[in-house]
Each structure stands twice: as structure tokens, then as C-alpha cells.
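Asker: Submitted below is the structure of interest, expressed as C-alpha cells.
All of the numbers you see were taken from the coordinates with simple rules; none came from a lab. Keep in mind it's a predicted model, so treat the numbers as computed, not measured. All Cβ positions, even for glycine, are placed from backbone atoms using ideal geometry, and neighbour counts span all protein chains on display.
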Amino acid sequence: MPLYEYEVADGTECKTCGGSFELRRSLGRPELTACPVCKKPVKRVMSVVTSPRILKPLSISDAKKAGFTVLKKRDTGVYERE
Ligand SMILES: [Zn+2]
């Protein structure tokens with residue numbers, strides 16, 4: 001599954017997701033248009049592998065409630081189903 005990175009579209013800091021987050025989504029699912037946690041409009045950012053930014057992970061329980069498959073990053077850099 002491709003990894004998508006999202007940013008809150010209006011550039012504000014979201015208390016829940018921190019203003020940006022990343023999700024793995026199946027191909028064919030509709031484009032995410034709002035943060036699944038805070039419901040603010042989001043835009044997709046092209047993922048840059050070399051990006052030094054540390055993204056705050058979504059709240060697992062909230063994301064699951066919203067129907068997302070949440071993967072947590074292990075120290076090895078391998079994504080694993082939570
Ligand atoms: Zn949010």
C-alpha cells in the first residue's frame with residue numbers, strides 16, 4: 001500500500017494530529033479530504049523520503065474509529081499492523 005502524507009490545508013496546528021500525518025491507504029479508496037481525527041480539511045503532500053521532518057502519528061484509537069488501518073513505525077523502520 002502506498003504511504004500518503006497529509007497536511008492540514010489551512011496550515012493551522014491541529015491539536016490531535018499535529019497539523020500533518022501519514023497514512024497507508026489502499027489504492028482505489030477515495031482521496032482523503034479531512035483529517036479523520038479533527039475533521040479539518042487536509043491536502044495530500046508528496047512524500048519525500050529524505051524529509052527530515054518527524055511526523056506525529058495519529059491517535060491509533062481515533063483513527064481506527066474513523067475506519068483507517070493504522071500502522072506504527074518500528075525502530076527498524078518497518079511498518080506493522082497495530
Ligand atoms: Zn487533525
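Asker: For an R0 of 22 angstrom, estimate the FRET efficiency from the Cβ-Cβ distance between GLU13 and ARG81 and round to the nearest 0.05.
Answerer: For R0 = 22 Å, the calculated efficiency reads 0.15.
Asker: Would you grab the residues whose amide H sits under 5 Å from the one on ALA9? Only those 5+ places off in sequence or on another chain, please, with H modelled 1.01 Å from N.
Answerer: Hits under the 5 Å cutoff: VAL42, LYS43.
Asker: Now a separate question. With label points built 7 Å along Cα→Cβ from the Cα atoms of SER26 and MET46, find their separation and express it in nm.
Answerer: 2.8
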